[in-house]
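Since the structure comes first, as structure tokens, the remarks are kept for the end.
The values are calculated or read from the model by the stated rules, or taken from the named source; none is laboratory data. Since we're looking at a predicted model, the values are computed, not measured. Here the Cβ is made from the backbone with ideal geometry for all residues, glycine too, and neighbour counts use every protein chain on show. Surface areas here come from the heavy atoms of the whole protein model, side chains and all, with no ligands, DNA or RNA. Shrake-Rupley method; radii C 1.70, N 1.55, O 1.52, S 1.80 Å.
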Amino acid sequence: MTTLVLIDEFRGYLLTERGLAKRTIEHYTEAARAFLVSRTADDARAVREWNAADVLTFVQRRAVYRPPRHMQQLCVGLRAFLRYLCFRGYTDCDLSKSVPRIARWRLATLPKSLSAEQVDRLLLGCRRDTANGRRAHAVLLLLSRLGLRAEELRRLTLDDIHWQRGELTVRGKCHGPEPMPLPQDVGEALAAYLTHDRPPSRSRNVFVRLTPPHDAYEEPGVFGRIVRRAMRRAAVDAPSKGTHIFRYTLATEMLRGGASLREIGHLLRHRDEDTTRLYAKVDLLRLRTLALSWPGGVL
């Protein structure tokens with residue numbers, strides 16, 4: 001059985017038997033594809049001859065150049081694939097039990113952020129004389145000024161913009177709709193995009209495809225692509241090239257400006273206070289006042 005046939009069977013099982021979301025299916029099938037490619041590269045043994053050592057070798061090799069978060073996601077998909085192989089009788093035992101757990105401690109890392117100068121370069125790099133440029137400018141302002149998530153951008157509708165009140169209704173991950181202030185520069189960028197560039201569409205979403213059919217985006221990944229293109233155009237070497245870095249940047253700047261963790265958590269719509277506490281590690285000057293002196297050392 002070829003890799004393509006096995007992947008197609010697995011994808012059909014995830015969709016029809018388990019009813020998983022499209023994005024989850026993509027993650028699981030990508031993990032399965034990576035494992036199958038590694039097995040083909042190593043040897044030509046049949047699926048039934050695979051063993052726990054093969055699984056561990058794959059995970060160990062991958063972990064050398066992949067971050068823990070990616071490895072956790074990969075291992076979840078790999079377990080699902082190996083369980084499927086056993087369920088279909090392609091393997092004699094359930095090899096999913098041999099997939100190791102990936103350690104990733106909560107709040108162990110520092111948030112990665114952009115400098116104010118980098119954010120300015122990204123905004124200035126958007127061409128205001130093109131439809132793509134004006135849309136990118138509106139997207140980057142919503143990310144940098146309000147810290148919106150990509151999914152929140154995707155869900156944003158025309159009815160969520162309250163021009164007279166200067167407010168924006170944001171539909172977050174778990175909470176209900178929440179009002180947020182609409183800064184003047186963000187409002188002007190949105191107005192320019194809506195007036196000149198948003199094509200007529202049956203969708204009420206603010207951001208729709210610029211090319212036919214002018215439907216709403218089904219996945220939030222388009223906003224990550226807009227960010228990456230803007231970074232390449234402005235020659236910004238960012239520690240992370242996704243939309244989330246703007247949330248980290250906004251929180252970091254607020255903290256350095258004197259905002260409390262409660263205020264930051266409220267603006268970013270965090271469900272868990274621990275998520276906001278991550279930013280307490282950013283202000284190194286304040287942390288030095290709490291550090292104990294090391295014998296013979298200098299703070």
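Between the DSSP loop rule and a limit of at most 16 other Cβ atoms within 10 Å, which GluC sites (Glu not before Pro) in segment 4-85 are left?
Working: sites: Glu9, Glu17, Glu26, Glu30, Glu49; in loops: Glu17.
Here the GluC sites (Glu not before Pro) that fit, given the DSSP loop and packing criteria, are Glu17.
The trypsin sites (Lys or Arg not before Pro) found in segment 26-70 that occupy coil by DSSP, while having at most 16 further C-beta atoms within 10 Å, are Arg45. For segment 240-247, putting each phi into the Karplus relation 6.51 cos²θ - 1.76 cosθ + 1.60 with θ = phi - 60° gives couplings of 9, 10, x, 5, 5, 5, 6, 5 Hz, in residue order, rounded to whole numbers and with x for Gly and Pro. Determine, at each q value in 0.15, 0.23, 0.25, 0.29 (inverse angstroms), the log₁₀ of I(q)/I(0) that the Debye formula gives when each Cα of segment 4-60 is one equal point scatterer. One equal scatterer on each Cα of segment 4-60 leads to -0.49, -0.94, -1.02, -1.15. Working note: Debye formula, equal point scatterers on the alpha-carbon atoms of segment 189-251, no solvent; log10 I(q)/I(0) at q = 0.12, 0.24 Å⁻¹ is -0.39, -1.07. Overall shape of segment 161-274 was characterised from the C-alpha gyration tensor. The equivalent ellipsoid obtained from it has semi-axes of 26, 20, 15 Å, in decreasing order. Among the protein heavy atoms, those of Lys112 account for about 110 Å² of accessible surface (1.4 Å probe, every chain in place).
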